[in-house]
Each structure stands twice: as structure tokens, then as C-alpha cells.
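One structure is given here, and the rest of the page talks about it.
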Amino acid sequence: MKQGCLYQPPFSGDITYMIGSAGSSFMNHKHLEIEVLYCLEGNSRVVMKGQEWKIKQGELLLVLPLEEHLINSEENNDLLFVEFGESFLGQEFSFFLENDILKRKYS
């Protein structure tokens with residue numbers, strides 16, 4: 001995978017969001033959707049814009065559209081991800097593009 005590449009086409013039609021879980025790491029990538037990462041178990045390290053975010057069980061992290069990020073997960077880790085875009089949020093999607101998010105990490 002090329003560094004920072006779009007790894008999926010934009011959501012459209014009946015596909016307006018994606019939910020999944022992973023226990024592994026992801027190479028540097030970006031996508032057009034907003035991604036919420038929630039740590040179900042263990043710890044993960046997410047790097048965005050040269051800044052490292054560590055999330056542990058019970059914490060979530062917000063990744064904005066087109067933000068290159070990589071995920072390094074420890075062994076015995078379970079990370080839930082939810083991705084949703086403009087086809088899910090409609091006009092409200094622009095809020096995330098036009099405003100600074102005050103807080104990225106929530107616990």
C-alpha cells in the first residue's frame with residue numbers, strides 16, 4: 001500500500017457507514033469519511049499529522065476526513081472503528097470540515 005493512499009472508494013448509495021473491529025495495525029492511509037476509533041481492549045497508538053495519540057480501553061479518538069493516519073496496536077488489542085461520511089450526515093458533514101474540533105480524544 002502506498003503511504004497515505006485512499007484505501008477505499010467514498011461511501012455512496014445504500015452504503016453510508018461502516019462498522020468493524022480489528023486487532024491489528026494499519027499502515028499510513030486516509031479516507032474521505034470521518035472515523036471514530038474506540039478501544040475495546042488493550043492499547044493502540046495512532047499517529048496523525050506527526051502527533052501521536054495513545055488510546056486505551058474505554059477511550060475513543062476522532063479522525064477527520066483526508067487525515068493521514070496509521071494505527072499501531074499492541075497484542076491482545078481490540079479496536080472498534082466506525083466510519084461515516086457525507087452520505088450519512090448530509091449537510092452536517094460540513095461542520096467537521098469547517099470547524100476546529102475542540103477535543104479529539106474522549107475517555
When the Karplus curve 6.51 cos²θ - 1.76 cosθ + 1.60 is applied with θ = phi - 60°, which whole-Hz ³J(HN,Hα) does each residue of segment 25-36 get, with x for Gly and Pro?
8, 10, 5, 4, 7, 8, 8, 7, 9, 7, 10, 10
Would you mind calculating the relative contact order of segment 26-84 from Cα pairs under 8 angstrom and at least 6 residues apart, reporting the percent as a whole number?
49 percent
From the backbone phi of segment 51-68, what are the Karplus-calculated ³J(HN,Hα) couplings (6.51 cos²θ - 1.76 cosθ + 1.60, θ = phi - 60°) in whole Hz, Gly and Pro given as x?
9, 9, 10, 9, 10, 10, 3, x, 10, 10, 9, 9, 10, 7, x, 6, 7, 5
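Below 12 angstrom from the Cβ of residue 41, what's the summed charge of the other residues (Lys, Arg +1; Asp, Glu -1)?
-3
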Order the following by accessible area, largest value first: 14, 78. Probe radius 1.4 Å; ligands, DNA and RNA are ignored.
14, 78
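The values are calculated or read from the model by the stated rules, or taken from the named source; none is laboratory data. These numbers were taken from a predicted model, which means no experiment stands behind them. Please note: Cβ atoms are built from the backbone with ideal geometry, for glycine as well, and neighbour counts cover all protein chains shown. Just so you know, the surface numbers come from the protein's heavy atoms only, side chains and all, with ligands and any DNA or RNA stripped out. Shrake-Rupley method; radii C 1.70, N 1.55, O 1.52, S 1.80 Å.
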